[in-house]
């Protein structure tokens, strides 16, 4: 009987279970399998732990079609615990005896005809807490919402210490080698010409009075939305055919730290033992981060947009808090990019928080450019050659040098490369689709309702 079975730490390969035996066991008995007098525990403790692994990590089904997709219970025990086959056989028999019901009405957990498939564990309590927090956000208050703030604290408190599956941090540093592109849509050349007179002002983040609500900002909060390629920047503004798009390139004036939201999808919390209850908590967090990553980056439409943006805006506000983190912004992969295009792997969007979105010279009202859209060739012929020239006025030396003020702001984080601006005429738009055929089924005969008195019999 299994009541008399003991197992030592040397007969188990799982490190957590092994350490558990060493810590809690004794050597009063000999191991029932290796017959050595080492630290050991009663097999009932292994049964309980093994049953919990089955319940949390494995789905059970009866393989009536002989698909072979799954493993026997003995195979699972053998692989997870790292024990000899005879130990796995014993544990299986004892699991059947201890955890299967003794009546015909309850659910049977262990059976020779069952197969067991490993399943992704769910975010469980985290998902429930998030649901409550977002509900509070939409129905109660956005600002000073303690429930939401406490939840985000528990989620992001150690974000700077996390690693993905490649052992890389989700926080990356943008240097002056990174080019960030912004795109603006115009209806005609006159609009373009007016904007080019003050490019730092007109192609940087909009002023507070014009800042519309977006994925990562509330209305009235100015942030920098950019992309790492020209094509991606154009795709993000979704210009109609016939419109004009001007793209501008910006480079960081200092190192900028951004959280790669897309990397949250691959955050690793270690390959801890399935027998360790702590592993379940960390795995829940990993699954939740993956879900959150998709929620923060997928496009929203119609009526869902306001509510979905409210959530992403609050997360952005939280991450941008200078007292909690030293983050300048966030980045994420674009949903507008061609899955097979050149930007599929490396292209991403960058959102710089208000505190880190200042553009050098943007506030300098005296800094103006001369703009010419056409170049005279000969007679009445002109070529379309857009050109901008910085207007430099002679500076009168001030009487007191102390009265001189620089247009440079120490908070400026970006510099516009005016020599890399490009004019684009949108001549066509290409869509990438996934196709599903709509099948033509057989005709459905409509039955006419019975006529009045049809059920009467003549006599």
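Every number in this text was worked out from the coordinates using simple rules, so none of it is lab data. Predicted model only: the values in this text are computed from it and were never measured. As a convention, Cβ positions derive from the backbone with ideal geometry for all residues, glycine included, and neighbour counts pool all protein chains shown.
Some observations on this one:
- Segment residue 4-residue 364, extension gain: residue separation times 0.36 nm, minus the distance between their alpha carbons: 121.1 nm
- Remark: spin-label model distance residue 72-residue 178 equals 5.4 nm, labels positioned 7 Å along the Cα→Cβ axis.
- Over region 2-118, equivalent-ellipsoid semi-axes from the Cα gyration tensor in Å: 27, 15, 12
- Volume of the convex hull of region 164-220 (Cα atoms only), normalised per residue: 162 Å³.
- FRET efficiency, 1/(1 + (r/R0)^6) with R0 22 Å, evaluated for residue 107 and residue 24 via beta carbons: 0.10
- Per-residue extension of 0.36 nm, minus the Cα-Cα distance of residue 391 and residue 281, leaves a gain of 33.4 nm for this segment.
- At q = 0.19 Å⁻¹ the log10 of I(q)/I(0) for region 10-71 amounts to -0.77, computed by Debye summation with a single uniform scatterer per C-alpha, solvent ignored.
- Stretched out straight at 0.36 nm per residue, the stretch from residue 381 to residue 431 would grow longer than its current Cα-Cα span by 14.2 nm.
- By average C-beta atoms within 10 angstrom, highest first, the peptides 259-265, 377-383: 259-265, 377-383
- Averaged over residues, the count of other Cβ atoms within 10 Å places the peptides 284-292, 91-99 in the sequence 284-292, 91-99, highest first.
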